[in-house]
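I have placed the structure first, in the form of structure tokens, so that the comments after it can refer back to it.
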Amino acid sequence: MDRIYAPRLSALVAMSSLLISGPALAAEPTTEALVPLPSILDFTDGDGWGIALGMSAEYESAYDGADETELEVEPAGAVQYRKGDHLFFWEGMELGWRGRLADVWLVQAGIRNEGGLEPDDSEDGNLDGILPRDSHVVGFLEVRRAVGDDWRNWVAARLMGGPSDFGVLGVVAAGRRFGQQLDGTGTELYGFMTFGTDKFINKDFGVTAADAVGSGLPVTALSGGYRSTGVQLVHRRHLTRKLHAIAQAGVEFYSSDIGDSPIARSDTEFELSLALVWRF
């Protein structure tokens, strides 16, 4: 299978250089965020409501394991309510609560919508004939712990699970924040590893007998366990006090078992995105 690491990693490195070394833009001072990490959104001013609405442009793999890319422009935003060290939120596909506990712990939990694999996800016809995979509403629980002062470094674990045909996904991660800001702006880089049950992995990469009949792909049943390793870069800045920019770049490398699946025509996946939101 041809590897396409180089151009995708080049895009990631280029975006990293732009975000980290780009000129600072003036913005009015803001209050300290719930947790001073660009990957944890907080649009409130300490207590009360925080509402942000805007648009996001995403250039990414068309589906997990695709060798096709797509550019999508979608609405972006969040509705939050904060009381002290507790914040309730709706952010895109997630609805939940997060809280900062004993200063060095962040816990968040809630529900999210996970889309299923569809034959028309491939414009090249690579998924023609497979049966559509259902979307699911699933639960998640995440725990992060600061390592050192001001959340400069952190480690985390996340668990996501749903109905029996969805399975369970586990994620472990570690990250570092750059810059001196405590308002959630700046740059953050983190690495992660994912692990899934056989149900979770096969819903994206397995080929059932019914799929094989319709698509001509060989029947494929994968076992659970290690799924992938990746790295993600997140950058946030206040263009003005009301207008915020959120940029992300990431790449994920799948396990060799997943790379051998006929659905995974590439054993890497990438993402580049930029969102502009107006905070009300």
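I'm trying to understand the selection: among the residues of segment 129-156, which are surrounded by 14 or more Cβ atoms within 10 Å (Cβ to Cβ), under 27 Å from residue 115 (Cα atoms), of a type in the set (Gly, Ala, Ser) and over 16 Å from the mean Cα position of the chain (by Cα)? Matches in segment 129-156: 129 only.
Within segment 76-107, the only residue that satisfies the criterion of being in contact with a Ser or Thr (Cβ under 8 Å, 6 or more places away or on another chain) and charged (D, E, K, R) is 82. For segment 214-227, the tally of residues that are in contact (Cβ under 8 Å) with a residue 60 or more places away in the chain and surrounded by fewer than 18 Cβ atoms within 10 Å (Cβ to Cβ) stands at 2.
The requirement of being over 19 Å from residue 64 (Cβ atoms), part of a strand (DSSP E or B) and in contact (Cβ under 8 Å) with a residue 60 or more places away in the chain is not satisfied by residue 145.
To keep it simple, each residue is scored yes or no on (1) assigned to a strand (DSSP E or B); (2) buried (at least 19 other Cβ atoms within 10 Å of the Cβ); (3) touching a Leu at 6+ places or on another chain (Cβ under 9 Å).
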| residue | (1), (2), (3) |
| --- | --- |
| 234 | yes, yes, yes |
| 240 | no, no, yes |
| 246 | yes, yes, yes |
| 253 | yes, no, no |
| 278 | yes, no, yes |
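When segment 180-212 is limited to residues that are of a type in the set (A, V, I, L, M, F, W, C) and touching a residue at least 40 places away in the same chain (Cβ under 8 Å), the one that is surrounded by the fewest Cβ atoms within 10 Å (Cβ to Cβ) turns out to be 210. Filtered by the rule that a residue be crowded, with 18+ Cβ neighbours inside 10 Å and without any contact (Cβ under 8 Å) to a residue 60 or more places away in the chain, segment 44-66 gives a lone residue, 44. Listed by position, the strands (runs of 3 or more DSSP E) inside segment 25-126 whose residues that are closer than 26 Å to residue 227 by Cβ and among the hydroxyl-bearing types (Ser, Thr, Tyr) number at least 3 are 48-61. Here is a check on your reading of the model: is residue 230 within 18 Å of the chain's Cα centre (by Cα), surrounded by fewer than 15 Cβ atoms within 10 Å (Cβ to Cβ) and in a strand (DSSP E or B)? Considered against the rule, which asks whether it is within 18 Å of the chain's Cα centre (by Cα), surrounded by fewer than 15 Cβ atoms within 10 Å (Cβ to Cβ) and in a strand (DSSP E or B), residue 230 comes out as no. Restricting 115, 84, 96 to residues that are exposed (fewer than 13 other Cβ atoms within 10 Å of the Cβ), more than 23 Å from residue 269 (Cα to Cα) and free of Cβ contacts under 8 Å to residues at least 60 places away in the same chain narrows the list to 84. Exactly one residue out of 183, 150 is out of contact with any helix residue (DSSP H, G or I) (no Cβ under 9 Å at 6 or more places or on another chain), at pLDDT below 95 and not in a loop (DSSP other than H, G, I, E, B), and it is 150. Listed by first and then second residue, the pairs with beta-carbon distance under 6 Å, at least 6 apart or on different chains, first residue in segment 257-278 and farther than 17 Å from residue 54 by Cβ and of a type in the set (D, E, K, R), second modelled with pLDDT of 95 or more and not in a strand (DSSP E or B), are 257/222. Of the set (1) of a type outside the set (D, E, K, R); (2) surrounded by 14 or more Cβ atoms within 10 Å (Cβ to Cβ); (3) under 30 Å from residue 264 (Cβ atoms); (4) at pLDDT 95 or above, all apply to residue 104 but (3).
Which residue out of 110, 125 is in contact (Cβ under 8 Å) with a residue 12 or more places away in the chain and either surrounded by 13 or more Cβ atoms within 10 Å (Cβ to Cβ) or at positive phi (or both)? On inspection, the qualifying residue turns out to be 110.
If you go through segment 157-179 and keep only what is surrounded by 14 or more Cβ atoms within 10 Å (Cβ to Cβ) and outside any strand (DSSP E or B), you end up with 162, 166, 167, 179.
The values are calculated or read from the model by the stated rules, or taken from the named source; none is laboratory data. Just so we're clear, the structure is a prediction, and the values are computed from it rather than from any experiment. No Cβ is skipped: glycine too gets one built from the backbone with ideal geometry, and neighbour counts run over all protein chains shown.
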